[in-house]
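One structure is given here, and the rest of the page talks about it.
The values are calculated or read from the model by the stated rules, or taken from the named source; none is laboratory data. None of these values were measured; they are calculated from a predicted model. Here the Cβ is made from the backbone with ideal geometry for all residues, glycine too, and neighbour counts use every protein chain on show. Protein only, heavy atoms only, side chains kept; ligands, DNA and RNA dropped before computing areas. Shrake-Rupley method; radii C 1.70, N 1.55, O 1.52, S 1.80 Å.
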Amino acid sequence: MKRTAPLSAALAVSLAVGGLCTTGTASARGSAGGAPHAGRDLYGTKAPYVPQEKPSRYQKPPKGFSPVFTENVARHGSRAMSDSQDGDAVLAVLRKARQQDALTRLGSELGPRVQSLLDAASALGYGGLSGLGAQEHRGTALRMEQRLPSLFEKITAEHEPIVVETSGVARAVASANAFTGGLSAGDPALTGLIKDPVTDKDLLYFHKQPQNADYQAYLTNDPDLAAVLARIRADPRTAEAAHRVVARLFHDDFTATLPATEQVAFARSLYQLFSAAPGLGVEAPDGGLGRFLAPRDAQWFAYLDDAEEFYRKGPAFSGRTITYRMAGVLLDDLLAQAAAKADGTSGKGAVLRFTHAEEIEPLAALMGLPGSTRPAGPGEPYSYRNNPWRGAYVAPMAANIQWDLFANKPSGGKPATYLVRMLYNEKETAFKPSCEPVAKGSHFYGLDELKRCLAHG
């Protein structure tokens, strides 16, 4: 089986650009003050993808076990912002200040950066998968092959199909194509085995489907949700951060004419552009906005975004499951595909799924993945101090959950034993504590044990 070098040019670019959130490139230094961990937090769920563990640190499977199947569920890669609304809002205030000769030296540099981002997003197509997003998925695919060489040799030798499923949304389909393109680049023999993407909205866009009308009603009408988000937004630190933002960009006399609500609206729109800029690093390499938001202010606005994600898509309120029980359909499919391979009713070599944060975040909460185990208690709104949930780690761009199925070759006519290993953003990850691994500290679990411990009502 012929394979590419460990790092293709595209993968190297992906890691270099994605690393701006963690390793101190110029953009990261400007936005994160050189603090690697905090720097990634600044971008929330728009953080570009970075694999979280080196394969050299993975545990070896128990003796006699080899991979026979793999499956994943992945968020689409980095993308352009959904529309021009935030950019238009920022440019409108900048134009007004320019007319009054009220821009500071720093403020005068902001407009061209914002316009560069808008031009790049418009040319790409608002909401569309960016060049970095495609690189993220190609890189993830190549690393999957490199981790499981014997599995992909088996897939090609036995002509096992690689099934591809998406939400049907353009950026998810483009992500699937980038991923499978990475597989084919790593081993051209896989090309004919990769099936065309099929759309399954019930599985991969479940948050929008009629069967989840109760969830949609929660988003629009739930009084607890409205109250807690209003309380978080009303925190005086929001107005304080917004004032610091505008004070760096405009002269005092102009700033004094802006009501606090307008300052907050401007600062939040600027933050949305700031967090979207890394995803357009290929199309707009000069569009980074790290110089225009002090790290502590970017961190506060990232918290506001994370709070909305937490309550709308994550663990949310203690004692309530409305935000994540709908992900049961996806968890059940992960179990069903592995079980079908184990019992011989499926000849698939791999099942690859491409979806959105609205599916990844509920699935992480339902499965109790790291960072998604703690809901907010009564009277104690989510904050960075009382909860580990961070969008940049739970569901960054191209976030992925992968299950690898291993089997042994028993003697004496005994049935094979099947084990599962989970990777979360390419880090070996334990299943929830109620699941017993094959040995203490092991990341391998019996398939039958997972069927038991992951059952949900």
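Tell me the helices (runs of 4 or more DSSP H) entirely within segment 131-218 that contain at least 1 residues that are of a type in the set (S, T, N, Q) and surrounded by fewer than 22 Cβ atoms within 10 Å (Cβ to Cβ). Explain how you work it out, then say what you get.
Details: elements: 131-147, 149-158, 170-186, 201-204.
Once the helices (runs of 4 or more DSSP H) in segment 131-218 are filtered for at least 1 residues that are of a type in the set (S, T, N, Q) and surrounded by fewer than 22 Cβ atoms within 10 Å (Cβ to Cβ), what remains is 131-147, 149-158, 170-186.
Inside segment 256-282, can you point out the residues that are over 20 Å from R113 (Cβ atoms) and β-branched (V, I, T)?
Of everything in segment 256-282, those that are over 20 Å from R113 (Cβ atoms) and β-branched (V, I, T) turn out to be T257, T261, V264.
Filter segment 419-442 down to the residues that are closer than 23 Å to G371 by Cβ and not in a loop (DSSP other than H, G, I, E, B), then identify the one that is farthest from the chain's Cα centre (by Cα).
V420
Restricting to segment 50-86, name every residue that is open to solvent by 10 Å² or more (accessible area, probe 1.4 Å) and within 17 Å of A277 (Cα to Cα).
Let us first name the residues in segment 50-86 that are open to solvent by 10 Å² or more (accessible area, probe 1.4 Å), namely 50-68, 75, 79, 81-86.
Result: V50, R79, M81, S82, D83, S84, Q85, D86.
Tell me yes or no: at least one residue of segment 157-168 is of a type in the set (S, T, N, Q) and free of Cβ contacts under 8 Å to residues at least 24 places away in the same chain. Please lay out each step first, then the result.
From segment 157-168, those of a type in the set (S, T, N, Q) are 166-167; that's our starting set.
Next cut, free of Cβ contacts under 8 Å to residues at least 24 places away in the same chain only: none.
The answer is no, given that none of the residues of segment 157-168 is of a type in the set (S, T, N, Q) and free of Cβ contacts under 8 Å to residues at least 24 places away in the same chain.
Counting only residues that are assigned to a helix (DSSP H, G or I) and touching a Pro at 6+ places or on another chain (Cβ under 7 Å), which one in segment 281-339 is surrounded by the most Cβ atoms within 10 Å (Cβ to Cβ)? Please lay out each step first, then the result.
Let us first name the residues in segment 281-339 that are assigned to a helix (DSSP H, G or I), namely 290-292, 295-313, 325-339.
Narrowing further to those that are touching a Pro at 6+ places or on another chain (Cβ under 7 Å): 313, 326-327.
On the way: K313: 28, M326: 21, A327: 25.
Only one residue fits best here, namely K313.
Across segment 230-279, which residue is most open to solvent (accessible area, probe 1.4 Å) among those that are of a type in the set (S, T, Y) and either assigned to a helix (DSSP H, G or I) or under 21 Å from Y311 (Cα atoms) (or both)? Quick ask: steps written out before the conclusion?
Filtering segment 230-279 for residues of a type in the set (S, T, Y) gives 238, 255, 257, 261, 269, 271, 275.
Remaining after also requiring either assigned to a helix (DSSP H, G or I) or under 21 Å from Y311 (Cα atoms) (or both): 238, 255, 261, 269, 271, 275.
Values: T238: 6, T255: 8, T261: 106, S269: 14, Y271: 3, S275: 1 Å².
Checked segment 230-279; the qualifying residue most open to solvent (accessible area, probe 1.4 Å) is T261.
Quick check on my filter: what residues within segment 243-267 are within 22 Å of G44 (Cα to Cα) and in contact (Cβ under 8 Å) with a residue 40 or more places away in the chain?
Passing the criteria: R244, V245, A265, F266.
Between A392, A416, which is outside any strand (DSSP E or B), farther than 28 Å from A316 by Cα, touching a helix residue (DSSP H, G or I) at 6+ places or on another chain (Cβ under 9 Å) and not charged (D, E, K, R)? Spell out how you get there, then give the answer.
Values: A392 fails: farther than 28 Å from A316 by Cα.
None of the others qualify; the one that does is A416.
What are the residue pairs meeting all of these: first residue in segment 376-391, first residue over 10 Å from D306 (Cβ atoms), second residue surrounded by 17 or more Cβ atoms within 10 Å (Cβ to Cβ) and not hydrophobic (A, V, I, L, M, F, W, C), Cβ atoms under 6 Å, and 6 or more apart or on different chains?
Short answer, once both residue conditions are applied: A376/Y382; P388/G371.
Being in a loop (DSSP other than H, G, I, E, B) and surrounded by fewer than 15 Cβ atoms within 10 Å (Cβ to Cβ) is the requirement here; does A398 meet it? Step through it out loud before you land on a result.
Working: in a loop (DSSP other than H, G, I, E, B): yes; surrounded by fewer than 15 Cβ atoms within 10 Å (Cβ to Cβ): no.
So A398 fails the test.
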